[in-house]
Structures are given as C-alpha cells and as structure tokens.
1. What percent does the relative contact order of the range 61-159 come to when contacts are Cα pairs within less than 8 Å and at least six residues apart?
2. Provide the gained length on full extension for the span L137 to V295, in nm with one decimal, where the gain is 0.36 nm per separating residue minus the Cα-Cα distance.
3. Please compute the contact order of the range 131-270 in relative form: average sequence separation of alpha-carbon pairs under 8 Å and at least six residues apart, divided by the residue count, as a percent.
4. Could you state the per residue volume, in Å³, of the convex hull enclosing the Cα atoms of the range 1-114?
5. Quick check: residue separation of S398 and N125 times 0.36 nm, minus the Cα distance between them. What number comes out in nm?
6. P(r) tail for the chain, what percent of Cα pairs lie past 25 Å?
7. Sticking with the crude label model, points 7 Å out along Cα→Cβ, report the distance from D77 to S176 in nm, one decimal please.
8. Quick one: if you take sqrt(5λ) for each eigenvalue of the C-alpha gyration tensor of the range 250-399, what semi-axes come out, biggest first, whole angstrom?
Amino acid sequence: MSGDTTRRCSLRHLPLLVFLVGVLLSALLVWRVEQQRVEAERTVLLSLATDQAKAIESRIDRLLSATYLVAAALRKDKGQVIDFDTLAHEILPFYPGITALSVSPGGVVRHVVPLEPNRSLLGFNQFEDPKQSVEALRARDTGQLTLAGPLNLMQGGLGVVGRLPVYVNNEQGVRSFWGLVNVAIRFPEALNATGLDALRELGYHHQLWRTHPDSGERQVITGSTPDALNDPVDKPLRVPNAQWTLSVAPIHGWYSLPSLATGALAGVLLSAMLAYMARLWIALTRHRKRLERTVAERTADIAATQTQLAATLDALPDLLFEVDDELRVHLVHTQHPELLMMPANEVVGRQMDKMLPPDVLEVVRAAMQEARERGRSTGKQYKLAVPQARDGAWFELSV
C-alpha cells in the first residue's frame, strides 16, 4: 500500500516535471541556436570590418603619399623651396581630405598650403613641441614616414600629421637631413570616401581608435563612444609606425529579443503539450489499472460463484446432466458413477437418443418440452436397466 501511494504521488507530479524539463531543454536549444546565429553574424561582420579596414589603410596611404611628391621636388632642387605654393596647389586637388601640406626646413614650418586657415603653423618648431616632438624626431632619426596622432591640430579639429624626412646631398655629395614634408589630415572628413559612415546605415556602431603609445589610454579617432559598442568585433589595421583598431558592433546588440521570445514561446507551448500528453498517459494508465482491478474482482466473483456452484453440485446426491436441445450431453455430474451406463467421460459429447431406450427417451423429451413451456419439469419417472439392479432401477426426472 505504501509503495502504491508513493507511485501515485510520483505520477501526480510527472506532468509538472515533464513541463519543467521541456522548458529547460527548449531554453537550452533556443539559446544554442541564438548563439550559433550570433557566431555567424560575427563572422560576417568581421569580414565587413576587414574590408573597411583595408579601405581605411588604402585611404591613409594615399593621402600620405602626397609627401613623396613634394620630397622628390625638394631633392631635385637640392633642398631649394622653389614655387612651393604652385606645386602644392597642383597636388592637393588629387588628395581630397588633406587639410594642409607644408615643409619644415630644419623642423620649422616655413611654407604651408593653403595658407588660410593654416597661417598659425608658420614658424612652428616640430622638434621642440612637447606633443609632436617624439614623432618628428622619430621621422628624422629613422628616415621613414611617420604618423602622429590623433591629436588636436593647430589649425583646429582632430586629425593626424604625417611627416616624411627629406635628405639631400650637398655639393660634396654628402647626404644630410634637410627637413620634413608634412601633411595634416583632419578626421572624420578624410575618411568620407572609405564608406565608414555607411556602417550606421547597415545597423552597426563603429569606432576607429588606437592605444596611446605613452599613456596606454584608448584614443578615439572617429566613431561612436565606447559605451555604444557592445562586445564589438575588432579588426587591427596598420598605418605608418602605428597600429589602429576598427571596432564594429550591432546598434541593437547581438541577440535578437524577438527571436528569443518566439523561441521561448514555442518551447513553453511544446512543453505544455508534452505535459498534457503525460497527463493523458497517467489517466490512461490509471484507467487500465482500474479495469484490471475490475476484471480481477469479476474473475474472483466468478470463481467464487463457480466454487459455490461446484460445492452445491457436490452436495447433490442425484445424477446431473447438462444437455442441449438436441439432447447432446455437455456435462455429467454424479456422486455415484456406478449408476451410469458407461463412464462419464464416454457419455459427454454423445446424444441421449443414441444411449436411452425409446420409452425412456419419450419421457425425457416430454419433460424437456414441459420445461420449455413452464420453465421447469418435475415428477417424471422412468425405469432403466442398470448393472447394479437385476430388475432395473426407477429414476425421477427434473428438468
């Protein structure tokens, strides 16, 4: 009884357990599918950021290449600045994005185009400025194009300054440092042609930044604030003597709330359906067990009735035959088998008209007919020859 009670309690809580397990598994499945979608989107976004980074690198390299044209002219003229304004005005239309093009003999700016609004640059000593001297000296000492920034330009705005050192040979053929060719690039105007702004139209925040070489702080060159980027994809890009990073992230975040909500709702509905099926199974199991108990009870009742009937039959001293309308014997019950004309097992299955004399058979038929009409027949008698009585024995027939 205790085991049955425990089993019933367990089955009663089974639908709830199925529902909870279904919700848990559905949540795990929905989360896994969403993670796979996010991973695929990150792969696509990384490819997009890579293309954009290459465009920025190409753009910066192109703008800085203007310094090589000026440097070539200076070397040709042995360091003489000849008609720099004309040369610069010829060059600048091919390099949209350059704010100022200047030359610095000995590191001091002497010529700049356009002059307005860059007049404040004239006389600026790049080797003595605490903010720009590091890159200026690096350019002089390495002989390579260097990029400084981002920094606040003297002519206003945020940008970078590219410096190309110029070395010329004197009359004795000795190569010596002449000065610097400078190009100022203002952001974000210089990157308009790269398609960087189109990222927002595609649904992405972006930020172009670098780590400051001295302080180690993050310097934003252009783009969104750091708080707007949620777990962005980072793509490093190389610029002269520096490394920048392009970070890109979806404006509305990586995870789709409608998709998660739809998946969660589907999971809850599926779990509810499974719980309902479990409830139906429990009800069916209980109904089957009730039927089994009912059948067992009916079988026990029938067995008891049969036992009682058998006991009643065993108490009867008379011969008892069960026959059908054709007088075929189906059952023989007797406490005195010696009164039978033949063994009981040989009587079963035979017809009485094949075993009884005609006069006795006539009495039997009359009794059966009376039983059909009145429900029973009693008092009929007949004499039958039996081995135990020489003159035969009288029997009384009830049907």
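The values are calculated or read from the model by the stated rules, or taken from the named source; none is laboratory data. Model, not experiment: these values are computed from the prediction. Every residue, glycine as well, gets a Cβ built from its backbone with ideal geometry; the counts of neighbours run over all protein chains shown. Heads up: the accessible areas ignore ligands, DNA and RNA and are worked out on the full protein's heavy atoms, side chains in. Shrake-Rupley method; radii C 1.70, N 1.55, O 1.52, S 1.80 Å.
1. Value for the range 61-159: 16 percent.
2. Numbers: separation 158, 0.36 × 158 = 56.88 nm, distance 10.44 nm.
Once the chain is fully extended between L137 and V295, it gains 46.4 nm.
3. About 17 percent, as a whole number.
4. Working: hull volume 20.9 nm³, N = 114.
Looking at the range 1-114, the number lands at 184 Å³ per residue.
5. 83.8 nm
6. Here the tail beyond 25 Å accounts for 74 percent of pairs.
7. Going by the 7 Å Cα→Cβ label model, 2.0 nm.
8. Value: 74, 16, 13 Å, ordered largest first.
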